[in-house]
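> Before I ask anything, let me first share the structure, which is written out below as structure tokens.
What follows draws every value from the coordinates through simple rules; no lab data is involved. The structure presented is a predicted model; accordingly, all values stated were derived computationally and were not measured. Glycine gets a Cβ as well: all are built from the backbone with ideal geometry, and neighbour counts include every protein chain shown.
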Amino acid sequence: MLLDQGNVLLAVGRAAIAQALNLDFQYPVDESASWLQDWGASFVTLTQHHELRGCIGSLEAYRPLVADVRSNAVSAALHDPRFLPLSADEFETIAIEVSILSPTQRIAALNEADAIRQMRPGIDGIVLEYGRYRSTFLPQVWDELEQPQQFLAMLKRKAGLPVDFWAADLKLARYTVSKWRETDGMEDYRHG
């Protein structure tokens, strides 16, 4: 995707949050473009003062990309269970990042060491599934968890599993993302 498309996705996300907060925010976006109507999976991450403020997404494409970004933006702002809902007063203090996910690709691993060898730091987002347990980390999480062993351990913890857990039927999959981020939150919309 192109930079211009990324800017459209950021605007779609911000406009959706503004509408959910009943704020008067106008940013002209033509949502009829064919690429926005293609099915896509996205994650929307909100930060406030460089700290996580919400992150919700879809691992699989099941609706038009524009609808997925809109819904995930509102969910990240208002329904991430780790945070209180975003207030109208906070709207101008958040920065939005939109990540568009590739289809997942299964990692066939004989054991945990084999899985770790196959992980590509800084490139792969990883999905972990074991029975009713499921979690994912976007590739951006490698910035904080640089070692594959640590990345996988924290992914297991996020799923509710012990960090040293391994089972033959544990499933791992990888994906990549194209991502765009507002540099200074609302500042991006005050210029131009």
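> Tell me, what ³J(HN,Hα) does each residue in region 117-129 have, in order and in whole Hz, if you take phi through Karplus 6.51 cos²θ - 1.76 cosθ + 1.60 with θ = phi - 60° and put x for Gly and Pro?
For region 117-129, the Karplus curve yields 4, 7, 6, 10, x, x, 10, 8, x, 10, 10, 10, 9 Hz.
> Next question. Show that you can apply the helix-only estimate: for the chain, add -39,500 (n - 2.57) for every DSSP H stretch of four or more residues, divide by all residues, and state [θ] at 222 nm to the nearest 500.
Values: 6 runs with 59 residues, N = 192.
Computed ellipticity for the chain at 222 nm equals -9000 deg cm²/dmol.
> Taking the Cα centre of the chain as the origin, how large is its charge dipole in debye, to the nearest 20, when only Lys and Arg (+1) and Asp and Glu (-1) carry charge on their Cβ atoms?
Here the size comes out at about 760 debye.
> Spin-label point model (7 Å from Cα, Cβ direction): what's the Gln149 to His50 distance in nm?
With each label point 7 Å from Cα toward Cβ, the separation is 2.9 nm.
> Here's another thing I want to ask about it. Work out, step by step, the length gained on full extension between Arg132 and Gln5: first 0.36 nm times the residue separation, then minus their alpha carbon distance; give nm to one decimal.
Working: separation 127, 0.36 × 127 = 45.72 nm, distance 3.58 nm.
That works out to 42.1 nm of additional length.
> Compute a Gaussian network model of the chain, connecting alpha carbons closer than 10 Å, and tell me which residue from Leu138, Leu59, Leu170 fluctuates the most.
Highest fluctuation among the options: Leu170.
> For region 105-175, with only Lys/Arg (+1) and Asp/Glu (-1) charged at the beta-carbon, what is the dipole magnitude about the Cα centre, in debye rounded to 20?
Values: 10 positive and 9 negative charges, 54 e Å.
The calculated dipole for region 105-175 is roughly 260 debye.
> A further question follows. Quick test of the membrane-span-like rule: which DSSP H helices of the chain reach at least 18 Å along their long axis (C-alpha atoms) with mean Kyte hydropathy at least 1.0? Before the final figure, lay out the partial values.
Numbers: long enough: 3-20 (26 Å, 0.78); 65-78 (19 Å, 1.02).
For the chain, where a helix must reach 18 Å along its axis and average at least 1.0, the hits are 65-78.
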